[in-house]
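Asks: Submitted below is the structure of interest, expressed as structure tokens.
The values are calculated or read from the model by the stated rules, or taken from the named source; none is laboratory data. None of the values given here were measured: they were computed from a predicted structure. Quick reminder, even Gly has a Cβ in these numbers, built from the backbone with ideal geometry, and neighbours come from all protein chains shown.
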Amino acid sequence: MTKPALKILLAGPRGFCAGVDRAILIVEKALEAHGAPVYVRHEIVHNRFVVESLEAKGAIFVEELDEVPSGVPVVFSAHGVPKSVPEAAEARGLDYIDATCPLVSKVHVEAERHHGHGLQTVLIGHANHPEVIGTMGQVPDGSMILVETVDDAEALAPENPDNLAFVTQTTLSVDDTAEVIDVLKRRFPNIASPRKEDICYATTNRQAAVKAIAARCDMMVVIGAPNSSNSKRLVEVAQKTGCEAATLVQRANEIPWGDLAANETLGITAGASAPEVLVEEAIAAARTHFDVTVEEIKVADENVVFSLPRALSA
């Protein structure tokens, strides 16, 4: 029986970014240097496939430092941690390795600098996300205000409106964040801005790639974890720019193949913490249902590489 035709549009860039590559390599190098087990505080990146792959190599993932026994190394996740975490590790004499993405560390430095200059900092981000918790933990309690939406920005009532700065989470919607920033700048003309945009290159590029194909797709799947901020933003971007039938899936078996008809077009992308093997898995699964043709639409080339911590780079 002839299979119905299906066109797949692959968004490019997609999948792993330099910060995720670096974080995974840090855990692998730590395992090579120290042997198993190596403990990791929180998921190193938000992807169960990645986490389970590292567990199979000897990594043990925990939520808090008090679960880490003495005498074994512990890695901090790519999302960054509050200052209290390395302080607690040092107090216990734990050997720790910080896998915080350098672009997140940049935001941490900005927040510290603003605090040092006596400015109250507005953080644009999502409450309870590990990156937001880590960024807010760079400065004393009460010296940073979290703003999530345009409405939050409109309602913001700082003690000194002329003494403000803002930073952002690195994995936000570019367009939504621009709207929040516009409100802040309109209401507080003297607010200090980042020297360079905080939303990272990978988030920006992946959203641009989705925008480039969304209107051509009958359905789009974003491969990523349900707790991955950048992956959820890709779904939202697709829905806003031409493909309402966009959905987040972790693996190919979650794709609603029955919702696709003959001669339709499926868009596929992957969040910054989802490996390319999961994209390949989705395409292979599509071929079991359809006669598939694949076209990649690439909006940017990425050649960013971050160096490893000195302790692991030898």
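Asks: Of the numbered conditions (1) in contact with a helix residue (DSSP H, G or I) (Cβ under 7 Å, 6 or more places away or on another chain); (2) farther than 26 Å from GLY116 by Cα; (3) not charged (D, E, K, R), THR168 fails exactly one; give the number of that condition.
Replies: THR168 satisfies all of (1) in contact with a helix residue (DSSP H, G or I) (Cβ under 7 Å, 6 or more places away or on another chain); (2) farther than 26 Å from GLY116 by Cα; (3) not charged (D, E, K, R) except (2).
Asks: Still on this structure: Pick from the stretch 285-302 the residues that are among the small types (Gly, Ala, Ser) and in a helix (DSSP H, G or I): which of them is surrounded by the fewest Cβ atoms within 10 Å (Cβ to Cβ)?
Replies: ALA285
Asks: Here's a follow-up. Which one is farthest from ALA99 (Cα to Cα) among residues in the stretch 119-154 that are at pLDDT below 95 and surrounded by fewer than 14 Cβ atoms within 10 Å (Cβ to Cβ)?
Replies: GLY142
Asks: Could we say that PHE306 is aromatic (Phe, Trp, Tyr) and over 23 Å from LEU6 (Cα atoms) here?
Replies: Here the answer is yes, as PHE306 does meet what is asked.
Asks: Let me ask something additional. Quick one: which residue in VAL235, VAL222, VAL305 is closer than 30 Å to VAL167 by Cα and without any contact (Cβ under 8 Å) to a residue 24 or more places away in the chain?
Replies: That would be VAL235, the only listed residue that is closer than 30 Å to VAL167 by Cα and without any contact (Cβ under 8 Å) to a residue 24 or more places away in the chain.
Asks: Please verify whether ASN227 is touching an Asp or Glu at 6+ places or on another chain (Cβ under 9 Å), crowded, with 20+ Cβ neighbours inside 10 Å and among the polar types (S, T, N, Q), treating the condition exactly as stated.
Replies: No; evaluated as a whole, the condition is false for this residue.
Asks: Is it the case, given these coordinates, that PRO275 is within 24 Å of ALA99 (Cα to Cα), assigned by TED's automatic domain parsing to the domain that holds SER173 and not aliphatic (A, V, I, L, M)?
Replies: no
Asks: Now for a separate question. So in the stretch 268-314, with the set limited to residues that are modelled with pLDDT of 95 or more and basic (Lys, Arg), which one is nearest to THR171 (Cα to Cα)?
Replies: Ranking the qualifying residues of the stretch 268-314, first place goes to LYS298.
Asks: Kindly indicate whether HIS46 is under 30 Å from VAL292 (Cβ atoms), in contact (Cβ under 8 Å) with a residue 60 or more places away in the chain and of a type outside the set (Val, Ile, Thr).
Replies: It is true that HIS46 is under 30 Å from VAL292 (Cβ atoms), in contact (Cβ under 8 Å) with a residue 60 or more places away in the chain and of a type outside the set (Val, Ile, Thr).
Asks: Keeping to the stretch 190-220, report how many residues are under 18 Å from VAL299 (Cα atoms) and touching a strand residue (DSSP E or B) at 6+ places or on another chain (Cβ under 8 Å).
Replies: The qualifying residues number 10.
Asks: As an exercise: evaluate ARG310 against (1) in contact with a helix residue (DSSP H, G or I) (Cβ under 9 Å, 6 or more places away or on another chain); (2) closer than 30 Å to ALA30 by Cα; (3) of a type in the set (Lys, Arg) and give the number of the one condition it does not meet.
Replies: It is condition (1) that ARG310 fails.
Residues are listed down the side, and each one gets a yes or a no for (1) outside the structural domain of ASN205 (by TED's automatic domain parsing); (2) surrounded by 14 or more Cβ atoms within 10 Å (Cβ to Cβ); (3) among the small types (Gly, Ala, Ser):
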residue: LEU234; (1), (2), (3): no, yes, no
residue: ASP259; (1), (2), (3): no, no, no
residue: ILE283; (1), (2), (3): no, yes, no
residue: LEU308; (1), (2), (3): yes, yes, no
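Asks: Follow-up question, since we're still on this one. In the stretch 236-247, which residue that is surrounded by 18 or more Cβ atoms within 10 Å (Cβ to Cβ) and in contact with a strand residue (DSSP E or B) (Cβ under 6 Å, 6 or more places away or on another chain) is farthest from GLU276 (Cα to Cα)?
Replies: Selected residue: CYS243.
Asks: Moving on. Which residue, of VAL72, VAL50, VAL40, VAL62, is out of contact with any His (no Cβ under 6 Å at 6 or more places or on another chain), crowded, with 23+ Cβ neighbours inside 10 Å and not assigned by TED's automatic domain parsing to the domain that holds ALA272?
Replies: VAL40
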